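These notes are about the structure you will find just below.
No lab work stands behind these numbers, since they all come straight from the coordinates. Since this is a predicted model, take the numbers as computed values, not measurements. Don't worry about glycine lacking a Cβ; one is built from the backbone with ideal geometry, like all the others, and counts go over all protein chains shown.
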Amino acid sequence: MRAPSAGTPPYPFETVRNWYVSPFGGWSEEIGEGQVGLRSEAVAVNLGMDVAQERVGVAVLGEGRGARPLFYQDRFEVVPLDESRPQARELSPNGEVVLPAAEWDVVRRPQLQPRVGQSLVIERAPARLATDPAAMAEIIVGELRRRRG
C-alpha cells in the first residue's frame with residue numbers, strides 16, 4: 001500500500017498491487033462511452049500509467065468485484081481531466097472517478113451504478129497483459145493444461 005505524497009491529490013490510492021481505490025465523483029457528458037475520467041494530476045502521480053496504452057477495470061468496492069474474470073470485465077480508457085473538460089474536472093477535485101453520463105448505461109452496466117462518494121476500485125491489468133494481449137491466451141492455456149494434468 002502506498003500513501004499519496006503531500007500536495008498531490010489523495011485519490012486514487014493503491015491498496016494492493018494494481019488495485020486503486022477512489023470515491024465516485026459523479027457523471028459527466030464530457031466523458032465518452034468506454035471512458036473514465038480522473039483529474040490529470042492524479043493520473044500522472046497516483047496511477048503512473050500510460051493512458052494511451054493501458055485500460056482499466058472499474059467496479060463498486062465490495063459489490064461482486066471478483067464475479068467476472070479479468071478478461072470478461074469491461075475495460076475503460078482513462079481520460080486525464082484538465083481544463084478542456086471543466087465540468088468533469090470539477091467532479092474530480094481530489095482524484096475522484098468520473099463516469100460517462102450515457103443514456104442506457106444503467107442497462108449496459110447495472111453493476112456500475114455507484115452513488116456519489118461511494119468507493120470504486122480501479123484495476124490495472126498486470127503489465128504483461130497490458131502490453132501483450134497474447135499473454136492472456138498463454139495464461140489460460142497454461143491453466144487449463146495444469147488442471148488437466
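Compared with the alpha-carbon gap, the fully stretched path from residue 143 to residue 106 is longer by 9.9 nm at 0.36 nm per residue.
Provide 112, 38 in ascending order of the number of other Cβ atoms located within 10 Å of each residue's Cβ, fewest first.
Values: 112 19, 38 30.
The fewest-first ordering by Cβ neighbours comes to 112, 38.
Residue order for 40, 119, 84, 22, fewest other beta carbons within 10 angstrom first, comes to 84, 119, 40, 22.
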